[in-house]
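A short write-up of the structure that comes next.
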Amino acid sequence: MARIELDLAHAYKVNPLRDEDYALLPLKMTFNDGGAYALLGPSGCGKTTMLNIISGLVKPSHGTVKFDGEDVTALLPQQRNIAQVFQFPVIYDTMTVAENLAFPLKNRGVSPQKIKARVGKIAEMLEMSGQLNMRAAGLAADAKQKISLGRGLVREDVRAVLFDEPLTVIDPHLKWQLRRKLKQIHSELKLTFVYVTHDQVEALTFADQVVVMTRGRAVQIGSASDLFERPQHTFVGHFIGSPGMNFLPAKKTSTTLEITGQRIKSNWVTPDLDQFTLGIRPEYVTLTDASDAGAVQAVVTQTQDVGTYWLITSTVSGHTLRARVATHQPIPKLGETVHIAVLNTHTCFYNNEVLIA
Amino acid sequence: MQLVLERIEQKVAAQTYLYPLDLTLVPGAVTVLLGATQAGKTTLMRLMAGLDKPTSGRVVVDNTDVTGVPVRDRNVAMVYQQFINYPSMTVFDNIASPLKLRREANINSRVQALAEKLHIEPFLNRLPAELSGGQQQRVALARALAKQAPLMLLDEPLVNLDYKLREELRDELTQLFAAGSSTVVYATTEPTEALLLGGYTAVLDRGELLQYGPTAEVFRHPKSIRVARAFSDPPMNLLKGELSGDAVLLAGGVRLPRSTSNATSTNVTVGIRASALQINASATTIALPGKVELAEISGSDTFVHAETAVGEVIAQFTGVHQFELGANITLYLQPDQAYVFDANGALLSAPIFDSRQ
């Protein structure tokens, strides 16, 4: 197992000049030994580039990759002692499940007794003990992908296991079972896991620490609740949650606070800046009434009965503000003027897209 | 326009794709076709469009029998899963093509207006291949909208986009549908998407039309276990029970106070939506102690899989909550929030809902 340190940048172009020329902007990052990490972001954000740099498939144009302090930047993937699991099953159809699982060990000359013990253990974890002697060819796609996972996990001495969207081929209703397996396996084997996905459910469920990426930059590293409660960057607020965080421009003078141009009487402490952006999630705004001086006035533009709650979309002086309202509460009508409280312990404040308070 | 399907049936060789069904689409509204893959959604749409002729039954448009009238002689717009555009035409020409074909006036300004609505205005002079997937699908949607056909059919149009893009585009589409006068049919596998689209929902399962009605009503009053299954995400918790006086006895000796008249047998199934399971007790709730199997976090919600006395259940909580694997948990249920289905799977009683709008 290894602690992985990145201090690098990567450009596919020869002489990168502008930010857009970089697939990965200069970054420093440490993946702790035994941690479960996810790299999360939309396509083109740089997450796969980062994974490929860790595995050695891509050599960074600038900087270094270290495993436990040792510089491995120049080493090939096969010299780095890592295991990889890809989107699609990579297995030998003609071999049995047991032979497939044993393959990475056999290749390295591990003794037959040790192989048997380890293969038995991994098969048990993946609930495949009963299928060990079956040919891989006849198995369903998800069983094949389980074998791929097993092959990634079978070696005890790997320094990290890297996953590239490994649940793509799994049926939606089976996904949660494999997510649970992966979590259990991680807590039992204590391997360093790095998991690439564009799916927030997968990342937030699987990882202790999620790295949220956009346009070649890692904008936040944190737990699921860090990302939900205190997004460090407006992109994180927007990307995590469905729908994402609401953002409203605010202005302050020594005596007044204006949100989207509406004067707000509130004793709530706000940043000492002339201008900033207020961020609040639809789950945390509350519908109140005209007597609440701390609320903004909005006009309802859409009401959606989502079954288990209502989603109310409104505009506040031209800005969209969404509220998630419990079904047992009164639901405003389309075109109705409502008052929405946006200042509470969950409110975040941003300046130039970065969290300031 | 008024589209009526009368005793429509579709067979291919010995296989039945659609069992005889009647469906009168609500004119000028959105109808969602909801069902898993192979449910018959695409088959039904192809019959509506005139791409296929039904084995038996009639397709009636505005009181005229159009059964067997091919698609080119009908006024229908279609959007598919794959982003289909004319590769050698610019984005402008793609959107303008149905208008040019009909030699319509003001083509320029109409294309501009649509491009603006769908945020593809900057790309009008580019070729589709130069755009991202999300932008390409916007072009296909703009072309379908340009046609201003009285019937618009969309077959899982957002399935190939990542979730943030889907969210955005779904929002725009709902507003465009509401502003237009077309009768819209939208196929999806996702219950949440159906709820967000609103309108009316037709639930399909293995070639059968199970229920049609206003979306929220079908969600709250599924006629059968099959409808409830198709229209719940996460899956509805289904527990075998036995009627005993004014209660249902569940596994593990759990007693659910709930009376139902008109049951013909004491064998029933209790259905509990994940959102009906709470973490807080009240005077009237019943307790289901158990152990956490996995907490899945979607960003806006946490889905807890738990092993309890009544069996394995899934509970849904708003926001991000951390639960350790194997931790003790007690879930609470308000008895009047449960569904009761009879031995044949038909709904005996639904929860009591307030309608506050």
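Computed from the coordinates by the stated procedures, all read-outs in this text should not be read as laboratory data. Nothing here was measured: the structure is a model prediction, and the numbers come from that model. Every residue, glycine among them, receives a Cβ derived from its backbone with ideal geometry; neighbour counts consider all protein chains shown.
Remarks
- Overall form of the range B:1-133 per C-alpha gyration tensor (a/c, 1.5; a/b vs b/c): prolate
- Efficiency of FRET from Cβ geometry, B:Thr264 and B:Met1, R₀ 45 Å, rounded to 0.05: 0.60
- Against chain A, whose longest principal axis comes from its Cα atoms, helix A:141-153 is set at around 80 degrees.
- Shape category assigned to chain A from the gyration tensor of Cα positions, a/c cut at 1.5: prolate
- Charge context of A:Leu343, other residues only, Cβ under 14 angstrom, K/R +1, D/E -1: +2
- Spin-label zone in the range A:110-140 - amide nitrogen under 19 Å from a point set 7 Å from the Cα of A:Tyr92 along the C-beta vector: A:110-120, A:122-123, A:131-139
- Spatially proximal lysines relative to A:Lys59 (Cα-Cα < 24 Å; intrachain offsets below 8 disregarded): A:Lys13, A:Lys28, A:Lys47
- Residues considered: A:Val325, A:Val210, A:Val269. Largest GNM mean-square fluctuation over chain A, using C-alpha springs under 10 Å, is found at A:Val269.
- With R₀ set to 22 Å, the beta-carbon distance separating B:His321 from A:Lys333 gives a calculated FRET efficiency near 0.10.
- Cα centroid of the range B:107-167 to Cα centroid of the range B:53-72, whole Å: 29
- Between B:Leu127 and B:Gln38, the distance separating the two model label sites (each 7 Å from Cα on the Cα→Cβ line) works out to 4.0 nm.
- Counting all C-alpha pairs of the range B:3-229, share separated by more than 31 Å (%): 22
- Amide proton proximity set for B:Leu33, modelled H, under 5 Å, gap of 5+: B:Tyr186, B:Ala187, B:Thr188, B:Ala202
- Inter-centroid distance (Cα atoms) of the range B:198-246 relative to the range B:319-336, Å: 24
- Partner chain coverage, peptide B:316-322 - average Cβ within 10 angstrom: 5
- Each of the peptides A:147-156, A:216-225, B:123-132 was scored by the mean count of other Cβ atoms within 10 Å over its residues; in descending order, highest first, they stand as A:147-156, A:216-225, B:123-132.
- Annotation: lysines with alpha-carbon distance below 30 angstrom to A:Lys265 (same-chain offsets under eight excluded): A:Lys251, A:Lys252, A:Lys333.
- Theoretical ellipticity at 222 nm over chain B - DSSP helices of four or more residues, -39500 (n - 2.57) apiece, nearest 500: -6500 deg cm²/dmol
- Per-residue Karplus couplings for the range A:52-62, computed as 6.51 cos²θ - 1.76 cosθ + 1.60 with θ equal to phi - 60°, are listed in order as 5, 6, 5, 6, x, 5, 10, 9, x, 6, 9 Hz, Gly and Pro entered as x.
- In this structure, the amide hydrogen of B:Ile329, modeled 1.01 Å from its nitrogen in the peptide plane, lies closer than 5 angstrom to those of B:Gly290, B:Lys291, B:Val292, counting only residues at least 5 positions away or on a different chain.
- Structural descriptor for chain B: relative contact order 15 percent, calculated from alpha carbon pairs under 8 angstrom and at least 6 residues apart.
- The range A:303-320 - phi-based ³J(HN,Hα) in whole Hz, Karplus 6.51/-1.76/1.60, Gly and Pro as x: 10, 10, 8, 8, x, 8, 7, 9, 10, 9, 9, 9, 10, 10, 6, x, 9, 7
- Gyration tensor (alpha-carbon) shape descriptor, the protein assembly as shown, a/c threshold 1.5: rounded
- With contacts taken as Cα pairs under 8 Å at a separation of at least 6 residues, chain A carries a relative contact order of 16 percent.
- Degrees, to the nearest 10: B:107-117 long Cα axis against longest axis of chain B: 20
- Listed by chain and number, the lysines whose C-alpha is less than 17 Å from the C-alpha of A:Lys116, apart from same-chain residues fewer than 8 away, are A:Lys106.
- Computed lengthening from B:Val66 to B:His221, 0.36 nm per intervening residue step minus Cα-Cα distance: 52.4 nm
- With respect to chain B, whose longest principal axis is taken over its alpha-carbon atoms, helix B:163-179 is tilted by about 70°.
- Contact order normalised by residue count of the range A:1-74, Cα under 8 Å, 6+ apart, percent: 40
- Length added when fully stretched, A:Asp7-A:Thr256, from 0.36 nm per residue minus Cα-Cα: 85.2 nm
- Modelled spin labels at A:Asp289 and A:Lys114, positioned 7 Å past Cα toward Cβ, are 7.5 nm from each other.
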